[in-house]
Amino acid sequence: MIILDYRDTRPLYEQIVDKFQMLILSGALEPNSRMPSVRSLAVELSINPNTIQRAYSELERNGFLYTVKGKGNYVAYSDSLKDVRKQEILEKLRDLKKEALSMGMTVKELTEFLEQEDTAAAGQKETKVPAAE
């Protein structure tokens, strides 16, 4: 389900939070679907259950999960979550733009980079080979 990067400097629970947020926002985890239990996910990832519990608590605090006593954790999705995440991404882009400009990059260079990335991503989609039936 998720893969942790042990070379990442962020704490494991933050990585788990980020990965689940992306799965929820992308629709890979459907609204009201049951999340893996804390223990089963801890075993699957070979980490302490307290780390999973901390990640689930953070996800619940941010509105991505809700808990049903005795039943477990469930995906709580709404369009407002996606809007909030989009605003966070735009804020990060704004900060990166400021940093790039302070380093001497131009808006034209940034725009060209984004266009190249978009073209490369489109090319990757086109070159995928359909699965054999």
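The table that follows gives values for the structure above.
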| read-out | value |
| --- | --- |
| Helix axis angle, 79-102 relative to the chain longest principal axis, alpha carbon, degrees | 40 |
| Where only alpha carbons of the chain are counted, the Rg and the Dmax (Å) | 18.7, 56 |
| Student exercise, the range 80-126 dipole from Lys, Arg, Asp, Glu Cβ charges, in Debye to nearest 20 | 220 |
| Debye log10 I(q)/I(0) at q = 0.13, 0.26 Å⁻¹ for the range 1-49, Cα point scatterers | -0.31, -1.12 |
| Degrees separating the helix 12-25 axis from the principal Cα axis of the chain, which is the longest one | 80 |
| The chain: relative contact order in percent, alpha carbon pairs under 8 Å with at least 6 residues between | 19 |
| Dipole magnitude of the range 12-77, debye to nearest 20 (Cβ charges: Lys/Arg +1, Asp/Glu -1, about Cα centre) | 260 |
| 0 to 90° range, to nearest 10: angle between helix 107-126 axis and the chain longest Cα axis | 60 |
| Ranked list, fewest to most other Cβ atoms within 10 Å of each Cβ, for F113, F64 | F113, F64 |
| For S57, S26, order by how many other beta-carbon atoms lie within 10 Å, fewest first | S26, S57 |
| Spatially close lysines, pair count over the chain: Cα under 24 Å, gap of eight or more or interchain | 15 |
| Three semi-axes of the equivalent ellipsoid, the range 12-77, Cα gyration tensor, whole Å, largest first | 17, 14, 11 |
| Sorted by Cβ density within 10 Å, fewest first, the residues R7, R94, R54 | R7, R94, R54 |
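Computed from the coordinates by the stated procedures, all read-outs in this text should not be read as laboratory data. Small disclaimer: the values here were computed from a predicted structure and weren't measured. When we count neighbours, we look across all protein chains shown, and the Cβ atoms used for this are built from the backbone with ideal geometry, even at glycine.
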